[in-house]
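What follows is one structure encoded as structure tokens, with my remarks underneath.
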Amino acid sequence: MEQNLQKLFKNAKYQPERRLSNDILIAIEYKNAQITKWKKFGYLCVGILSLSGSVLSIRSLIVESFRLGFYDYLSLAFSDSGVIATYWKEYTLSLVDSLPIASLVLSFFLLFVLFISIRRVSYQFKNKLLIA
């Protein structure tokens, strides 16, 4: 019995189906299309969230700048430059002190995320157009 099996295995030749490589290629392309779709969706969601967050943070930045008197100190530079030249150290310290740092950092961060997500989404669409 073992000799018959050994003869059978020696005489058997492996012949893959002719369409196997094509099926594998189609499966890989399908997975890549799914991954690309999820990336586009994710980057669009992040872009929309960062856009709405940046609008709110810029609005907060403007309100806090008025509340802290940043624009009053800034307008002083254009109204009387002689006094500014004399007391420039105190003026710059007052100007920096009236700047809303937290809102400014948050606004820049959200705008940075927005621009990165726009770049990534455009890259995904560009690759889709090049493939098609």
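The values are calculated or read from the model by the stated rules, or taken from the named source; none is laboratory data. As the structure is a computational prediction, the values presented were derived from the model and not from experiment. Here Cβ is always computed from backbone atoms with ideal geometry, including for glycine, and neighbour counts include all displayed protein chains.
Data table
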| read-out | value |
| --- | --- |
| Selected residue [among the small types (Gly, Ala, Ser) and either at pLDDT 90 or above or touching a strand residue (DSSP E or B) at 6+ places or on another chain (Cβ under 7 Å) (or both)] from Gly53, Gly69, Gly82 | Gly53 |
| In segment 116-127, the residues that are of a type in the set (Ser, Thr, Tyr) and surrounded by 14 or more Cβ atoms within 10 Å (Cβ to Cβ) | Ser117 |
| Subset of segment 68-80 (residues that are loosely packed, with under 11 Cβ neighbours inside 10 Å and of a type in the set (Phe, Trp, Tyr)) | Phe78 |
| Output for segment 99-110, where each listed residue is surrounded by 15 or more Cβ atoms within 10 Å (Cβ to Cβ), in a helix (DSSP H, G or I) and either out of contact with any helix residue (DSSP H, G or I) (no Cβ under 7 Å at 6 or more places or on another chain) or of a type in the set (A, V, I, L, M, F, W, C) (or both) | Leu104, Leu106, Leu110 |
| Matching entry among Val83, Val96, Val113, Val63 (being part of a helix (DSSP H, G or I), among the hydrophobic types (A, V, I, L, M, F, W, C) and either buried (at least 16 other Cβ atoms within 10 Å of the Cβ) or under 21 Å from the mean Cα position of the chain (by Cα) (or both)) | Val113 |
| Residues of segment 29-55 that turn out to be among the aromatic types (Phe, Trp, Tyr) and either in contact with a Leu (Cβ under 8 Å, 6 or more places away or on another chain) or closer than 9 Å to Ser117 by Cα (or both), as a count | 1 |
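Per-residue answers, yes or no, for (1) in contact (Cβ under 8 Å) with a residue 12 or more places away in the chain; (2) of a type in the set (A, V, I, L, M):
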| site | (1), (2) |
| --- | --- |
| Lys40 | yes, no |
| Tyr43 | yes, no |
| Ile48 | no, yes |
| Leu51 | yes, yes |
| Leu56 | no, yes |
| Ser60 | yes, no |
| Val63 | no, yes |
| Ala77 | yes, yes |
